[in-house]
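Presented below is the structure to which this report refers.
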Amino acid sequence: MALVLLYNISDDTKRQKIALAAWKLGIDARRVAPADFAHPIGYLLGLEGFSPSEEAEPPFDAEMLLMQGLSSAQFSAFLDALRRSRATVALKAVATKHNVAWSSAALCHELQQEHEAMRRAGKSVHR
C-alpha cells in the first residue's frame, strides 16, 4: 500500500493540497501526532516486528513527509503535484530498511543535517 506520513503540516490549506495530491494518485495520507514521534517509523507504517516505544524523544516542529510503497510513477507524480500546488515541504524521505527502526525525531534530525550540507555545498535541495 502506498502511504505518506505527514508531520507538522499545520497549515490547513497546505495539508489539504498534500492530501488531495496523494488521493488522486491512490496514496493514503496520514497525519502523525507529536505524541507518536518517538515510536519507530516501522511501527507508524504498520510494519510487522515493530512496537511502540516507551522512551520519550524531544519534539520537533519541522514539516516532514515520509513516503512508503510508492511506485516510481507515483513518487514522481506526487512530487510534481506538490510543486504545482505550491505545497512544498523541505524535509522528505522514503522509508528504507535502515530508517524504519529510527524514531521520527531521529529521521528529522538526519534530514535536517543532509539539507544543511546540501545548502552549504550550493546544491539545490528542492527539485
SER10 is checked against (1) part of a helix (DSSP H, G or I); (2) of a type in the set (Ser, Thr, Tyr); (3) under 24 Å from GLN113 (Cα atoms) and fails just one. What number does that condition carry?
(1)
Scan segment 53-64 and give yes if some residue there is out of contact with any Phe, Trp or Tyr (no Cβ under 9 Å at 6 or more places or on another chain) and of a type in the set (S, T, N, Q), otherwise no.
no
Every pair of residues 6+ apart whose Cβ atoms lie under 9 Å, when the first sits in segment 20-36 and is at positive phi while the second is surrounded by 16 or more Cβ atoms within 10 Å (Cβ to Cβ)
GLY26/ALA2; GLY26/GLN74
Taking first residues from segment 110-121 that are under 24 Å from VAL100 (Cβ atoms) and charged (D, E, K, R) and second residues anywhere that are surrounded by 12 or more Cβ atoms within 10 Å (Cβ to Cβ) and modelled with pLDDT of 85 or more, the pairs with Cβ under 8 Å that are 6 or more apart or on different chains are GLU110/ASN99; GLU110/TRP102
Verdict on GLY42 being within 18 Å of ALA2 (Cβ to Cβ) and surrounded by 14 or more Cβ atoms within 10 Å (Cβ to Cβ)
yes
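Okay, residues lined up against (1) crowded, with 19+ Cβ neighbours inside 10 Å; (2) farther than 27 Å from ARG119 by Cα; (3) of a type in the set (Gly, Ala, Ser):
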| position | (1), (2), (3) |
| --- | --- |
| MET1 | no, yes, no |
| ILE27 | yes, yes, no |
| ARG31 | no, yes, no |
| GLU54 | no, yes, no |
| GLU57 | no, no, no |
| ASP61 | no, no, no |
| SER85 | no, no, yes |
| LEU91 | yes, no, no |
| HIS98 | no, no, no |
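Here's the yes/no breakdown for (1) touching a helix residue (DSSP H, G or I) at 6+ places or on another chain (Cβ under 6 Å); (2) touching a residue at least 40 places away in the same chain (Cβ under 8 Å); (3) among the hydrophobic types (A, V, I, L, M, F, W, C):
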{"site": "HIS39", "(1), (2), (3)": "no, yes, no"}
{"site": "TYR43", "(1), (2), (3)": "no, no, no"}
{"site": "GLU48", "(1), (2), (3)": "no, no, no"}
{"site": "LEU65", "(1), (2), (3)": "no, yes, yes"}
{"site": "SER72", "(1), (2), (3)": "no, no, no"}
{"site": "LYS92", "(1), (2), (3)": "no, no, no"}
{"site": "THR96", "(1), (2), (3)": "no, no, no"}
{"site": "SER104", "(1), (2), (3)": "no, yes, no"}
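The values are calculated or read from the model by the stated rules, or taken from the named source; none is laboratory data. Values in this document were obtained by computation on a predicted structure and should not be read as measured data. Using ideal geometry, Cβ is built from the backbone for each residue, glycine included, and neighbour counts are taken over all protein chains shown.
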